[in-house]
Structures are given as structure tokens and as C-alpha cells.
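Colleague: Below are the C-alpha cells for one structure; questions will follow.
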Amino acid sequence: MEDGRTDVWSKVPQVTLVFWIVKILATTVGETGGDALSMTLNLGYAVSSLIFLGFFCATLAAQITSKRYHPVFYWAVVVATTTVGTTTSDYLDRTLGLGYIKSSIMLFCGVLCVLALWHYSTGKIQVDDITTRKNEIFYWLTILVSNTLGTALGDFIATDAGLGFERGALLFAGLIAVVAALHFFTKIPGSVLFWAAYVLTRPLGATLGDTLTKPHAEGGLALGRITSSLVIAAAMIVIIAITSRRERLQTA
């Protein structure tokens, strides 16, 4: 067995339309869930970040020790990265006073550094065939930093840039459509487009989450953070369960 090999099975799902739908739901529940803990329950950004960091470590441990792709473990880690990304970004932006522009630039450079180190260390960047421990660690580190970046970027567009939550969501949806078009009509490396789309789904989820939960005076629907989080999480669970059952029937 090759050094660092976890098993011959890839530990990430196939990148399909359903993958991106669940990813957007995960980023949206990350926004509403993160805000529910830090704002609705009034725990603050620092304490909430520590709680979600613990959740991230627990789910990541389950994911890494598993021998093959397990949808519950995988998507639990994704949700954990979006929640900890939400509260960490808010802590950097608001508590430390860095602001959305500085934190977005800093986190964007962080994503580029992780990807560069990943490519230097392994010779290529895998996105749909994660079978070694090293690739898996870089994969999740990139996701954690990119989801934190996406939170800051979404807040910047919605507030500092003045687009508001709804128009911000439309902007990021349009950018994701552009990335999809580039995938089908250009020869840009798939890994580059994958991470571009992955970063963009986070601010899309952030602006969608804020659209659902912010007060009417701020341009939101005021649906409530806890209720919205539970409904979105339920939708995720249903889609994942149906998809997993279909895949098992196809391989049976």
C-alpha cells in the first residue's frame, strides 16, 4: 500500500449538480446556524467559534478515520467548516476590526497559499479522488479557509458594496453560472474551476442566509435563524438520504 494511503476508495462524493445543491444548502445553514449561536443565543463570536471549532475537529476525526466516502461524515464536516467560518470571519471583521476588505484579502491569500503548498507537496491538486491522507488534509484545510473567505466576501458585497443581501445572492449565483460555462466551454483546469465555484458558493449561501433571517428593515425576511437552520438542515438530510439510497441501488 502506498505511503499515506487511506484506502483505494475515494473519500469524497462525485461532483454533480446534486453535490452543488447540497453544498449551497450547507453554506446557507452555516450562515444561519453560526448567527443563531453568536447572535440569537448571544454567545458572541469568540465563544461560538470555539464551539464550532470543536464540532469541526470531531467531525473531521470521523471523516479521516473512515475508510471510504460516508455522506454523513463528509457533509457534517462541510457544515462544520461553514459554521466555524461564519463566526471566525465575523470575529476578524467585527471584533478585531479588520473589516471585510482586509479580511477577504487576507483569507484569499490564505486559500492561494494552501493550494500552492498542496500542489508543491503532491504534484497536483485532487478534487474528486481523495485517497491519501495528505490529499485529504489539504482538501479540508482548503475548504475551511475558503468557507471563511466566502463569509467575509459575502458580507462585503452585501453591506460595504451596498448591493444588499438579495442582489448579492444574485451576483454570486451569476458568477457561479459563469464558472459553470467556463467548465463546459473552455479548457481551464477542472481543479481551478472547482475551487472557484467552491469559494463562490459560500458567499452565495451567506447572502441567502442573511436574506432569510435579517430583519425587514435590513432587507431580510426575518424568518428566524434557528427555524431557518432546522428547515435547511432537514432539506439537506432528505437530499443526501435520497441520493445515497439511489447510489446503493445502482451498485447493488
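The values are calculated or read from the model by the stated rules, or taken from the named source; none is laboratory data. Predicted model only: the values in this text are computed from it and were never measured. When we count neighbours, we look across all protein chains shown, and the Cβ atoms used for this are built from the backbone with ideal geometry, even at glycine.
Colleague: Where residues in region 230-252 are of a type in the set (A, V, I, L, M) and touching a residue at least 40 places away in the same chain (Cβ under 8 Å), which of them is nearest to Phe165 (Cα to Cα)? Outline the logic, then answer.
Modeller: Filtering region 230-252 down to residues of a type in the set (A, V, I, L, M) leaves 230-242, 249, 252.
Among the residues that remain, those that are also touching a residue at least 40 places away in the same chain (Cβ under 8 Å) are: 232-233, 235-236, 239-240.
On the way: Ile232: 18, Ala233: 21, Ala235: 22, Met236: 22, Ile239: 26, Ile240: 27 Å.
Here the residue is Ile232.
Colleague: Let me ask something else about it. Testing Thr32 on (1) within 18 Å of Tyr198 (Cβ to Cβ); (2) modelled with pLDDT of 90 or more; (3) surrounded by 15 or more Cβ atoms within 10 Å (Cβ to Cβ); (4) of a type outside the set (A, V, I, L, M), one condition comes back false. Which one is that?
Modeller: Thr32 satisfies all of (1) within 18 Å of Tyr198 (Cβ to Cβ); (2) modelled with pLDDT of 90 or more; (3) surrounded by 15 or more Cβ atoms within 10 Å (Cβ to Cβ); (4) of a type outside the set (A, V, I, L, M) except (1).
Colleague: Within region 36-83, how many residues turn out to be in contact with a helix residue (DSSP H, G or I) (Cβ under 9 Å, 6 or more places away or on another chain) and assigned to a loop (DSSP other than H, G, I, E, B)?
Modeller: Residues meeting the conditions: 5.
Colleague: For region 153-185, name all the residues that are surrounded by fewer than 18 Cβ atoms within 10 Å (Cβ to Cβ) and small (Gly, Ala, Ser).
Modeller: Ala161, Gly162, Ala173, Gly174, Ala177, Ala180, Ala181
Colleague: Go through (1) outside any loop (DSSP other than H, G, I, E, B); (2) small (Gly, Ala, Ser); (3) touching a Phe, Trp or Tyr at 6+ places or on another chain (Cβ under 8 Å) and name the single condition Ser10 misses.
Modeller: (1)
Per-residue answers, yes or no, for (1) in contact (Cβ under 8 Å) with a residue 12 or more places away in the chain; (2) touching a Leu at 6+ places or on another chain (Cβ under 8 Å); (3) under 14 Å from Glu31 (Cα atoms):
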residue: Leu163; (1), (2), (3): no, yes, no
residue: Leu171; (1), (2), (3): yes, yes, no
residue: Leu175; (1), (2), (3): yes, yes, no
residue: Leu204; (1), (2), (3): yes, no, yes
residue: Asp210; (1), (2), (3): yes, no, yes
residue: His216; (1), (2), (3): no, no, no
residue: Gly219; (1), (2), (3): yes, no, no
residue: Leu223; (1), (2), (3): no, yes, yes
residue: Ser228; (1), (2), (3): yes, yes, yes
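Colleague: Shifting gears a bit: Identify the residue in region 186-202 that is of a type in the set (A, V, I, L, M, F, W, C) and without any contact (Cβ under 8 Å) to a residue 60 or more places away in the chain and, among all such residues, is surrounded by the most Cβ atoms within 10 Å (Cβ to Cβ).
Modeller: Leu200
Colleague: Let me ask something additional. Within region 175-219, track down each residue that is under 17 Å from Ala161 (Cα atoms) and among the small types (Gly, Ala, Ser).
Modeller: Ala206, Gly219
Colleague: For region 51-84, how many residues meet the condition of being more than 15 Å from Pro13 (Cα to Cα) and in contact with a His (Cβ under 9 Å, 6 or more places away or on another chain)?
Modeller: 1
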